[in-house]
Amino acid sequence: MPAEGKKELENPKLIHYNLFQKPWCYDNIPYEDTFWKYAEKSVYYKQILEHKKYLTNNV
């Protein structure tokens with residue numbers, strides 16, 4: 001689980017986002033580059049972007 005102040009692993013195998021730190025909701029989240037790399041390959045990519053856009057515009 002990503003946590004503030006923890007050093008990021010170089011090659012994580014599984015990332016579990018809990019509580020409020022989720023890259024599909026906010027920016028500058030640990031391992032967000034890894035998440036977005038795989039999200040782009042998903043059939044849900046556009047939906048994920050819309051979800052983030054909605055949250056960003058309503059914060």
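The values are calculated or read from the model by the stated rules, or taken from the named source; none is laboratory data. Not measured: the values here are computed from a predicted model. A quick note on method: Cβ atoms are made from the backbone with ideal geometry, for glycine too, and the neighbour counts reach across all protein chains shown.
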* To do: From the list L14, L55, pick out the single residue that is free of Cβ contacts under 8 Å to residues at least 40 places away in the same chain and touching a Phe, Trp or Tyr at 6+ places or on another chain (Cβ under 9 Å).
  => L55
* Asked: What residue, of Y38, Y45, is of a type in the set (F, W, Y) and touching a helix residue (DSSP H, G or I) at 6+ places or on another chain (Cβ under 8 Å)?
  -> Y45
* Could you tell me which numbered condition D27 fails, if it satisfies all but one of (1) surrounded by 10 or more Cβ atoms within 10 Å (Cβ to Cβ); (2) not in a helix (DSSP H, G or I)? => (1)
* To do: Tell me which residues, restricted to the range 5-24, are exposed (fewer than 10 other Cβ atoms within 10 Å of the Cβ) and under 21 Å from T56 (Cα atoms).
  => N18, L19, F20
* To do: Kindly provide the set of residues from the range 31-59 that are modelled with pLDDT under 90 and under 25 Å from A3 (Cβ atoms), ordered by number.
  => L55, T56, V59
